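A short reminder: the numbers here are calculations on the coordinates, not readings from a lab. None of the values given here were measured: they were computed from a predicted structure.
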Amino acid sequence: MTGDEMPDTEQAPQPDQLSIVDTSSEGIRILTVAGEIDYDTCETLRQALDVPATPPPRLVIDMRQVTFMDSTGINLLIAAHQSATDAGGWIRLAAPTSSVIRTIQIVGLDALIDCHATLREALSP
């Protein structure tokens, strides 16, 4: 066994889990996301963001429990925004944590997708 190999008795650490609860309020779909959004967890979010175009999608992503988001998450949100916009709908982000909002602001995502301090604000017309 070389120094780079792990013994058979050890397992690589599992990536942090991402959980998503899908609800709605007054015709607006709400995704409550918890955990880390990164390459290892992106498929869960990608599937949740895949919505039919009819009726025009209105989606709020509640991010108050998201502890980390990398470029994978940014790219998913951009693609979802484009899909929703093309279908005549919209996406809003609610209550991103301080570390997540910093990432959103650094890449300018907040200029593309409306970000709100609370879920209530994001759900307001």
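General remarks:
- Computed over the stretch 18-123, relative contact order equals 26 percent, with contacts defined as Cα pairs under 8 Å that lie 6+ residues apart.
- Anisotropy class of the stretch 18-123 from Cα gyration tensor, a/c 1.5 cut: rounded
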